[in-house]
Amino acid sequence: QQQHLHIKVTRSLADSLIRSLTHFPICLARHKQRSNRATPLTMKITIIASLLAAALSSVASAASSMSKVSAIAHVHKHPEHHQRFLQDLDELKAELEAWKKSESHEAAKQLGVYAGQDGDFESDGPSEDAARLYLTKQSIAEAQQRNPDAVFSLKSPFTLLLQEEFNEYVARGFGSANTAADAAVVLDDNTDSHNTTTPVAAPVHNVSRELSSGDSVDWSTSKCVAPPQQQGNCGCCWAFAAVASLESANCIKTGKFTKLSEQELTTCAIDDGCGGSFPHVGLNFVKEQSGLSSSAAYPYTNGAYKVAQQCEADASDRVDLDFDVVKVSNAVTSRADIGKDPSYLRDALKQQPVAIGVTAGNPDFKQYNGGVLRECGSTALDHAVFAVGYSVTSRGSTVFKVRNSWGGSWGERGYFRVQSSACRITDYGYYPSMSTTGACFAGAARSADHAVFAVGYSVTSRGSTVFKVRNWWGESWGEQGYFRVQSSACQSSTMATTQNWFS
């Protein structure tokens, strides 16, 4: 065991040194960019020394954690668990082999969270992997008790992680604030203090659905939301949430979806985008440079690394974006605000999808497989995600639909649903406002010049009217041939006289 630990520490040292040396040119390049002069030799030496010190520190920390984090040791501490573990060992081995053949195992390797380093069983005794699986099954039972309307299973890329390892993986991607008050201070520093604007878009619906009564939205059925993404081993959930909100806003404005670059935000917006930040920081970065590279021009490649690579964005490949950063108005400003009125996020979602925060460092998220989360086993906002819709139940409670960045093998094909009062889902929210009120699109005519077919309308909770209209340009245009427009925009106010047909 000591020899095995020595090998692990040696590998960790090598990995840390490689990451440090890889990161050195990035620091150097950024210093040159900011100072416009060559880096003095003494500064180079100082930077190298600092990086090596950090690497050695991380190795010491890794060695310490390796000696502490042992599933078998944890099981042995509790006689009742130890006895049952031995009784269930054959079953655990079979379940473990099945998991290793599943897409969850492949996703775990992509995320960089596969904890079964050797992966082999000792024929005459219990294995570390089997002990990890046993502890995960115990946590599934506890999560199921807390959330009877959700489903938890071994079908997760995080199945072989201990809970503390999963919590660490989650937490490194979302800033550094662990309390509502801390988060509020960070959030207000660099962001406009707008409230949510008057919604300019009603819920997305398929043509076959009946007119909305304003009690549900699902943007994931539209072309303006990309499939669930995979952030990998880089702590950049904040970048994925920010980019997703920009993609959707731009698509809603232009009628065309363009995949944007998470890689540019991760490598260019801050010094180490894999070390965590907030979606609004990414939005402000894009706002300041008036655009972002497309994913085709600058694809995401940082998933295999825990440290952001060097920024290689090319301004000539930038998609022009003009917007304001808007905060959902009930975003937390004090502890007393936690879990308050979900109507603000609902109203924002009627307009467009929103980048939000959630408490994800808990067993409920670790092994979530479907259904509605009504309670989370933690309280710290530690993960950035992308709200795409909501529904209101017959009893009046709100359930939000949210896209994660852990790939399609987690949750409900990469999504999860959560009750508005759970997991602090309404405590942090930002989106880019690209409103075109008064002109359908930039450069559009201000006088009526096209005949269309109004088929319905909805009234938001703030009292504004949004019309649903069929066009004649085929299903490949707009929302399967339809569009939605606020009553004050695009000379559509004359349609107000049709409201009595739907009374």
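The values are calculated or read from the model by the stated rules, or taken from the named source; none is laboratory data. Here the structure is a predicted model, which means the values were calculated and not measured. Note that we place each Cβ from the backbone using ideal geometry, even for glycine, and neighbour counts take in every protein chain shown.
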Hey, could you check the stretch 461-489 for residues that are of a type in the set (S, T, Y) and either more than 22 Å from L345 (Cα to Cα) or modelled with pLDDT under 85 (or both) and say which is surrounded by the most Cβ atoms within 10 Å (Cβ to Cβ)? Y482
List the number of the failed condition for F158; all other conditions in (1) modelled with pLDDT of 90 or more; (2) surrounded by fewer than 22 Cβ atoms within 10 Å (Cβ to Cβ) hold. (2)
Identify the residue in the stretch 96-112 that is in contact (Cβ under 8 Å) with a residue 12 or more places away in the chain and not in a helix (DSSP H, G or I) and, among all such residues, is nearest to the chain's Cα centre (by Cα). G112
Subset of the stretch 278-304 (residues that are within 20 Å of F386 (Cα to Cα) and of a type in the set (D, E, K, R)): K287
Of everything in the stretch 275-316, what is buried (at least 21 other Cβ atoms within 10 Å of the Cβ) and outside any loop (DSSP other than H, G, I, E, B)? Give them in sequence order. S277, P279, H280, V281, G282, L283, V286, L292, S293, N302
Residue list for the stretch 268-306, restricted to those being among the polar types (S, T, N, Q) and either on the phi > 0 side of the Ramachandran plot or in contact with a Phe, Trp or Tyr (Cβ under 9 Å, 6 or more places away or on another chain) (or both): S277, S290
Filter result for S405 (over 25 Å from A108 (Cα atoms) and either modelled with pLDDT of 90 or more or surrounded by fewer than 22 Cβ atoms within 10 Å (Cβ to Cβ) (or both)): no
Scan S458, S492 and give me the residue that is crowded, with 16+ Cβ neighbours inside 10 Å, at pLDDT below 75 and touching a strand residue (DSSP E or B) at 6+ places or on another chain (Cβ under 8 Å). S492
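Yes/no per residue for (1) without any contact (Cβ under 8 Å) to a residue 40 or more places away in the chain; (2) in contact with an Asp or Glu (Cβ under 6 Å, 6 or more places away or on another chain); (3) within 13 Å of P363 (Cα to Cα):
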site: E128; (1), (2), (3): no, no, no
site: Y134; (1), (2), (3): no, no, no
site: S139; (1), (2), (3): no, no, yes
site: A143; (1), (2), (3): no, yes, yes
site: V151; (1), (2), (3): no, no, yes
site: L154; (1), (2), (3): no, no, yes
site: F158; (1), (2), (3): no, no, yes
site: E165; (1), (2), (3): no, no, yes
What is the number of the single condition among (1) more than 35 Å from the chain's Cα centre (by Cα); (2) at pLDDT 75 or above; (3) polar (S, T, N, Q) that S123 does not meet? (2)
